Amino acid sequence: MKTIATLLLILSVLCVHAQDRLSMGIKVEGFWFMPHDQKYFGAVMDNSIGAGTGVYFSGNIWKTFSMNTGVGYRFMSNDCTKTNFSAESTSPADRYSYNQNCLVVPFNLRKNYFNGLLFVEPGFELDWIMGRENREPKHELLWKIGLGSHLGKLEYSLNYLWGSKQQEDMLVEGIKFAPVIYKSRLVQLTVSYPLWGKK
């Protein structure tokens, strides 16, 4: 939490100085979710696709550097399998569906190259997964590195996001239940379009 608080403080100071070239817009995303399962006797998550949408706020802070934040919604659904090792079980494996509805708050720093034709965007995001049986920790911190460009006003970027902290949840279907433990990894394609801007 100290790392998150420090990063938020730095970005808040940058926001105060982002007086020029302010803009607001919408964004959509699609991604390939590749959870890194921990080795233990629990459910194993399959890779899956997901999608999201949201709004962003961006401001220039110094020369070719800008920052952006916002708020978004993300959904993904994973099939999970728990192998049964008991001889009394009537099935070799139990199947679960793991749906995640996420509130996402990103913080990114952008460096433009070639008059904005190309940009590199490192950052991080805080994710809250809603409506789960048991979520530990209650939020997730994902680090991000991305590369993007634009076509007119339309911007697009390809990003890689990863979590460094283990996530835990409990899957429940009827009388069956299984723990799931993993670390998040995503390959994400984001497209955004400005709705308002001030120069």
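Please find, within the range 88-111, the residue that is farthest from Arg21 (Cα to Cα) out of those that are at pLDDT 90 or above and of a type in the set (A, V, I, L, M).
The residue in question is Leu103.
Mind checking which residues of the range 117-132 are among the aromatic types (Phe, Trp, Tyr) and modelled with pLDDT of 90 or more?
Phe119, Phe124
Just one of Phe85, Phe114 is modelled with pLDDT of 85 or more and loosely packed, with under 12 Cβ neighbours inside 10 Å; which is it?
After ruling out the rest, the residue left standing is Phe114.
Please state which of the following conditions Gly52 fails to meet, knowing it meets all the rest: (1) touching a Pro at 6+ places or on another chain (Cβ under 6 Å); (2) small (Gly, Ala, Ser); (3) modelled with pLDDT of 95 or more.
If we test Gly52 against (1) touching a Pro at 6+ places or on another chain (Cβ under 6 Å); (2) small (Gly, Ala, Ser); (3) modelled with pLDDT of 95 or more, just (1) comes out false.
Looking at the range 96-109, which of its residues are under 16 Å from Gly174 (Cα atoms) and either surrounded by 13 or more Cβ atoms within 10 Å (Cβ to Cβ) or of a type in the set (A, V, I, L, M) (or both)?
Tyr96, Tyr98, listed by residue number.
Would you be able to say whether some residue in the range 67-75 is of a type in the set (A, V, I, L, M, F, W, C) and either modelled with pLDDT under 90 or surrounded by 19 or more Cβ atoms within 10 Å (Cβ to Cβ) (or both)?
yes
Looking at the range 143-199, which of the residues that are of a type in the set (Lys, Arg) and outside any strand (DSSP E or B) is nearest to the chain's Cα centre (by Cα)?
The residue in question is Lys165.
Taking only the range 186-199 into account, find how many residues are surrounded by 13 or more Cβ atoms within 10 Å (Cβ to Cβ) and modelled with pLDDT under 95.
Number satisfying all stated conditions: 1.
Select from the range 153-185 the residues that are among the aliphatic types (A, V, I, L, M) and touching a Leu at 6+ places or on another chain (Cβ under 9 Å) and write down the one among them that is surrounded by the fewest Cβ atoms within 10 Å (Cβ to Cβ).
We begin by selecting, within the range 153-185, every residue among the aliphatic types (A, V, I, L, M); these are 154, 158, 161, 170-172, 175, 178, 180-181.
Adding the requirement that they be touching a Leu at 6+ places or on another chain (Cβ under 9 Å) leaves 158, 161, 178, 180.
On the way: Leu158: 12, Leu161: 21, Ala178: 19, Val180: 23.
Among residues in the range 153-185 that are among the aliphatic types (A, V, I, L, M) and touching a Leu at 6+ places or on another chain (Cβ under 9 Å), the one surrounded by the fewest Cβ atoms within 10 Å (Cβ to Cβ) is Leu158.
Going by the conditions given, is Gly30 in contact (Cβ under 8 Å) with a residue 24 or more places away in the chain, of a type outside the set (Phe, Trp, Tyr) and not in a strand (DSSP E or B)?
No; evaluated as a whole, the condition is false for this residue.
The values are calculated or read from the model by the stated rules, or taken from the named source; none is laboratory data. Being a predicted model, the structure only gives us computed values, none of them experimental. Positions of Cβ are generated from backbone atoms using ideal geometry, with glycine treated the same way; all protein chains shown enter the neighbour counts.
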